[in-house]
Amino acid sequence: MPEITYNGRAYPLAPGESVLACLMRHGAAIPSSCQAGACQSCLMRAIEGKPPEKAQVGLKESLRRQGYFLACIARPETDLAIALPDEAALQVPAVVADRAMLSADVLRLRLRAEAPLACAGGQFVSIVRPDGLIRPYSVASLPDVDGYLELHVRRTPNGQMSNWLFDEVRVGDRVQIRGPGGDCFYLTESPQPPLLLAGTGTGLAPLVAILRDALRHGHRAPILLVHGALNLDGFYLVEMLQDLAAVHENVTYLRCMPDGLPGEGLEIGAFEEIVLRRVTNPADWRMYLCGHPDLVFGLRRRLFLAGASLKRIHSDAFLSAPQAPATVKSNE
């Protein structure tokens, strides 16, 4: 079996085992979060040998050429000597320009990067805490227009990063960020397809950016934004989105929750069923699905079975890592 050499020690890989799982099994403290190849927290660099191509999907070309790869999905077939990334080369300092509460448990942070950062609205960046803790957050702004990165952070009871951001980080503080990553951003196409923007919780963040980007590019095909929550307290930015829908006749903004009384712009029922009722001829649509992983993956599957092309479904599931040493939870 292949061996992984890290910090001068050789670790044999078990059959089908990822680099991250192998290192963690041997007690190595490696930064990680989603453990599914989405958040890029476990980025490592091959200093000898070639990492699997699959473990480099989604990385910038400059990083791929330097041997960077995602340890959580890397299952090499040959020996590798690896190292943690050069943090100075990957990270960009940013200043907290503004913070405000969007709801009882969702904090809006606006960061101004102190170095150029080519980031599209809807992609994600990762905040790196001074102790090395890393969490990815989707960008809800249009950085090239707004001049800042807007992040929506939901506080969770045991969220190490969210509690730090809520309780300790203040306007004027400097933080380190990595990125960007992800493919949830608006694509200019001709002819323009109808757009489905479907998300739950803070999965709304990238969808707001994609909606704004589509409108500034003059998107005229229908745009359906569906936001799901467990109850009325889970919705935020409602007035802003209602105003956009009122001004742009091609935009439909719909809230949905499992129980309660329906109202104007509010439907009651299962998130997947409400979306599927609204999307006719799925093969014609480009789709962006963000939020809780069960809903994202379930809806993605059902839309595919209904005729949607996987190439036209962009998904960003907010994944939680297993409870294990050196792992962290994404979007907390």
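The values are calculated or read from the model by the stated rules, or taken from the named source; none is laboratory data. Since this is a predicted model, take the numbers as computed values, not measurements. Don't worry about glycine lacking a Cβ; one is built from the backbone with ideal geometry, like all the others, and counts go over all protein chains shown. Surface accessibility is based on the protein's heavy atoms, side chains included, excluding ligands, DNA and RNA. Shrake-Rupley method; radii C 1.70, N 1.55, O 1.52, S 1.80 Å.
So here's what we get for this one:
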| read-out | value |
| --- | --- |
| The chain - percent of accessible surface contributed by carbon and sulfur, probe 1.4 Å | 51 |
| Residues with amide H under 5 Å from that of Y11, placed H, sequence gap 5 or more | I4, T5, Y6 |
| Net +/- balance of residues flanking Q242 in space, Cβ distance below 11 Å, scoring K and R +1, D and E -1 | -2 |
| Solvent exposure of segment 179-302 as accessible area per residue, Å², 1.4 Å probe | 46 |
| Dimensions in Å of segment 144-211 - Rg and Dmax from alpha carbons | 15.5, 48 |
| Debye log10 I(q)/I(0) at q = 0.07, 0.08, 0.13, 0.16 Å⁻¹ for the chain, Cα point scatterers | -0.30, -0.39, -1.00, -1.38 |
| In sequence order, calculated HN-Hα J values of segment 77-85 (Karplus, 6.51, -1.76, 1.60; Hz; x Gly/Pro) | 9, 10, 5, 9, 10, 10, 8, 5, x |
| Inverse mean reciprocal Cα-Cα distance (Kirkwood Rh) of segment 165-255, Å | 14.9 |
| Beta bridge orientation in the chain: antiparallel %, DSSP, nearest 5 | 60 |
| Cα-based Rg and Dmax for segment 43-121, where Dmax is the largest Cα-Cα distance (Å) | 17.0, 50 |
| Sorted peptide list for 16-22, 301-307, 70-76, criterion being average Cβ within 10 angstrom, highest first | 70-76, 16-22, 301-307 |
| Computed over segment 239-279, the ratio Rg/Rh where both radii use C-alpha atoms and Rh is Kirkwood | 1.00 |
| Segment A81-I268, length gained on full extension (0.36 nm per residue, minus Cα span) | 62.0 nm |
| Gyration tensor (Cα) of segment 101-205, equivalent ellipsoid semi-axes in angstrom | 25, 17, 12 |
